[in-house]
Amino acid sequence: MATPKFLSKWLLRLMSVRSQRACLSDFHDRMSISQSNYQCDVVNLWGMELRNKVKESSLIQMDLANFKPMIPVIPIDLSSQLWKGLVLKEKDFRIWIKENDWLSYKNKGVYIFCSTEAIIPTWAYMLVTSQLIGIADTFVIGDELALQKSMILKNIHALNLEEFKDERVIIKGCSDIQEPEFAMSELLAFLQPHVKSIMYGEPCSTVPIFKRKKL
């Protein structure tokens, strides 16, 4: 039995529409995959390029946080040794010096001060300091901030300058350090005579600080 002419045309039109939709769907899938691969290639190439530039630039990256003191801190308030909170008696003070457990300050940071307005004789600070030598890691006459600065300076001076000779350095700041300006300035003063250049910030965004002049 022959298919009516109008029905044959309708079937051909339906097959054509389905074929077009299939082609469009296949084309869209291919374009999506191609675009995705292209984007991945761009990202991979960009990341590789950035890594290569940092690597090839031979920059030494330093974090100011690495110089933050990590040892325990103990205060010595000499006001507790004052007679009636007014004056320091040498005899009583020497007894305290003899009986005090100085080993409890071993490998610690110590700051020596007086929390009152009493006048402490110089020899009293000297007696305390004499006991801390060889026991405490670091000690100062002053407040805790003075101790923090002293320990930061000690950590900076522990750097091996041979590793920085004629190198380019980037220093990253740190908000956790008290008075970071002090730490940054001391690090700069220590490194500048030996390096080629110093920058502040991150590898992707730096502020030039120093560049050695060509002779």
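Within the stretch 116-128, how many residues turn out to be within 38 Å of the chain's Cα centre (by Cα) and not in a loop (DSSP other than H, G, I, E, B)? Before you say what the answer is, go through the steps one by one.
From the stretch 116-128, those within 38 Å of the chain's Cα centre (by Cα) are 116, 125-128; that's our starting set.
Within this subset, residues satisfying the condition of being not in a loop (DSSP other than H, G, I, E, B) are 125-128.
So the answer is 4.
Once the stretch 143-161 is narrowed to residues that are in contact with a strand residue (DSSP E or B) (Cβ under 8 Å, 6 or more places away or on another chain), in contact (Cβ under 8 Å) with a residue 40 or more places away in the chain and among the hydrophobic types (A, V, I, L, M, F, W, C), the residue that is surrounded by the fewest Cβ atoms within 10 Å (Cβ to Cβ) is Met151. The number of residues in the stretch 146-174 that are farther than 22 Å from Gly201 by Cα and over 19 Å from the mean Cα position of the chain (by Cα) comes to 3. Number of residues in the stretch 192-201 that are surrounded by fewer than 12 Cβ atoms within 10 Å (Cβ to Cβ) and modelled with pLDDT under 95: the value is 0. Of all residues in the stretch 99-142, those being more than 11 Å from Ile76 (Cβ to Cβ) and in contact with a Gly (Cβ under 8 Å, 6 or more places away or on another chain) number 4. Among the residues of the stretch 129-146, those identified as over 30 Å from Glu181 (Cβ atoms) and not in a loop (DSSP other than H, G, I, E, B) are Ser130, Gln131.
So is Ala189 surrounded by 14 or more Cβ atoms within 10 Å (Cβ to Cβ), on the phi < 0 side of the Ramachandran plot and assigned by TED's automatic domain parsing to the domain that holds Trp83 or not? It is false that Ala189 is surrounded by 14 or more Cβ atoms within 10 Å (Cβ to Cβ), on the phi < 0 side of the Ramachandran plot and assigned by TED's automatic domain parsing to the domain that holds Trp83.
Within the stretch 82-107, if we keep just the residues that are under 25 Å from Gly134 (Cα atoms) and either touching a residue at least 40 places away in the same chain (Cβ under 8 Å) or β-branched (Val, Ile, Thr) (or both), the residue that is surrounded by the fewest Cβ atoms within 10 Å (Cβ to Cβ) turns out to be Ile95.
I'd like the full set of residues that are in a helix (DSSP H, G or I) and either hydrophobic (A, V, I, L, M, F, W, C) or surrounded by 12 or more Cβ atoms within 10 Å (Cβ to Cβ) (or both), limited to the stretch 162-183. Walk me through it before giving the result.
So in the stretch 162-183, the residues in a helix (DSSP H, G or I) come out as 162-164, 180-183.
Of everything in the stretch 162-183, those that are in a helix (DSSP H, G or I) and either hydrophobic (A, V, I, L, M, F, W, C) or surrounded by 12 or more Cβ atoms within 10 Å (Cβ to Cβ) (or both) turn out to be Phe164, Pro180, Phe182, Ala183.
Only a single item in (1) surrounded by 13 or more Cβ atoms within 10 Å (Cβ to Cβ); (2) in contact with a Ser or Thr (Cβ under 6 Å, 6 or more places away or on another chain); (3) of a type in the set (D, E, K, R) is not met by Lys211, and it is number (1).
Mind listing whichever residues of the stretch 114-126 are touching a helix residue (DSSP H, G or I) at 6+ places or on another chain (Cβ under 7 Å) and surrounded by 16 or more Cβ atoms within 10 Å (Cβ to Cβ)? Working first, answer last.
First, the residues of the stretch 114-126 that are touching a helix residue (DSSP H, G or I) at 6+ places or on another chain (Cβ under 7 Å): 114-116, 118, 120, 124.
Those that are touching a helix residue (DSSP H, G or I) at 6+ places or on another chain (Cβ under 7 Å) and surrounded by 16 or more Cβ atoms within 10 Å (Cβ to Cβ): Cys114, Ile120, Ala124.
The values are calculated or read from the model by the stated rules, or taken from the named source; none is laboratory data. Computed from a predicted model, the values in this text were never measured in an experiment. So basically every Cβ, Gly included, is an ideal-geometry build from the backbone, and we count neighbours across all protein chains shown.
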